[in-house]
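Working notes for the structure below.
The values are calculated or read from the model by the stated rules, or taken from the named source; none is laboratory data. All values derive from a computational prediction rather than experimental measurement. Please note: Cβ atoms are built from the backbone with ideal geometry, for glycine as well, and neighbour counts cover all protein chains shown. These area figures cover heavy atoms from the full protein model, side chains too; ligands, DNA and RNA do not enter into them. Shrake-Rupley method; radii C 1.70, N 1.55, O 1.52, S 1.80 Å.
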Amino acid sequence: TGSIKDGSITVNTPDGVKIILNSVEINNTKEPAINIISNGDVEIELVGDNKLSDGSSYEDTELDGCINSKADLKITGDGSLSIIANYKDGIVSKDDIEILGGTINVTSADDGIKGKDSVVIEKAIITINSGGSGIKSTNDEDTTKGYIEIKSETFTINAVDNGIKSITKLTINGGTFNIRAAEGLESTYIVINDGEITISASDDGINASAKSTYMTPTIEINGGNIDITMDQGDTDALDVNGNLYINNGEITINAQSPFDYDNEGKL
């Protein structure tokens, strides 16, 4: 509990650590508000209303998140977390990020939530205003990683770049999404099984392209309600450098080019 006006919580141990943030306010003008520099898994439990912020530059330029973790990071609890990331990213893990609860609000100069190996989200209410991408997974070296899986709850994302972007696979099993971005959803293989998804985009609404050689670029829609509104110009609502499969669900599109696929298209 309490506040740190210019400092941080630093974790440096090979053992697993649980941090309970209970109505905490932390500001660090030089480095992350929470800096996890060890390899032990870390859980952050949210209790009450919590606020984290950083400055516009870091002394250690290899760090890039207001919450910056080298280890697997799990966020749980029923409280809230507000992050103002003035340097680059809001929440970063060099491994996996798992968000299983809480109300999270991120305003970031670059990406909002970035897990290198994976991002898995369930039972969280997330609002992101980012100068880069909203939610991102970046591992392009391991074909079993670089994925995002979203299971439920509510997402409001305003992003300059991508709303949600992964390298290998993006799976949406449910939830309510309101996304405004250059590209709403982007990955090599995109599966939408359920959800209420509203996208306003200036480039592509949902884009599957070859970011990984692990699989053929594909959009597979098995359910849900999807509403896509595209800006005028060279834009596509569903853009696939591979296969487009629409098996179920309801799709509403307002665009000059609703579908653009290179290989097979099945409805």
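Observations on the structure shown:
- Boolean, Asn241 is surrounded by fewer than 24 Cβ atoms within 10 Å (Cβ to Cβ), at pLDDT 95 or above, of a type in the set (S, T, N, Q) and in contact with a Pro (Cβ under 9 Å, 6 or more places away or on another chain): yes
- Given (1) within 17 Å of Ile121 (Cα to Cα); (2) of a type in the set (A, V, I, L, M); (3) open to solvent by 10 Å² or more (accessible area, probe 1.4 Å), number of the condition Ile99 does not satisfy: (3)
- When region 59-86 is filtered for residues that are within 20 Å of the chain's Cα centre (by Cα), surrounded by fewer than 23 Cβ atoms within 10 Å (Cβ to Cβ) and not aliphatic (A, V, I, L, M), the ones remaining, listed by number, are Asp64, Lys70, Asp72, Lys74, Thr76, Gly77, Asp78, Gly79, Ser80, Ser82, Asn86.
- The set of residues from region 152-172 being over 24 Å from Thr213 (Cα atoms) and at pLDDT 95 or above comprises Thr154, Phe155, Thr156, Ile157, Asn158, Ala159, Val160.
- Count of region 190-227 residues, restricted to those that are charged (D, E, K, R) and closer than 14 Å to Ser166 by Cα, is 1.
- Once region 228-238 is narrowed to residues that are acidic (Asp, Glu) and surrounded by fewer than 16 Cβ atoms within 10 Å (Cβ to Cβ), the residue that is modelled with the lowest pLDDT is Asp234.
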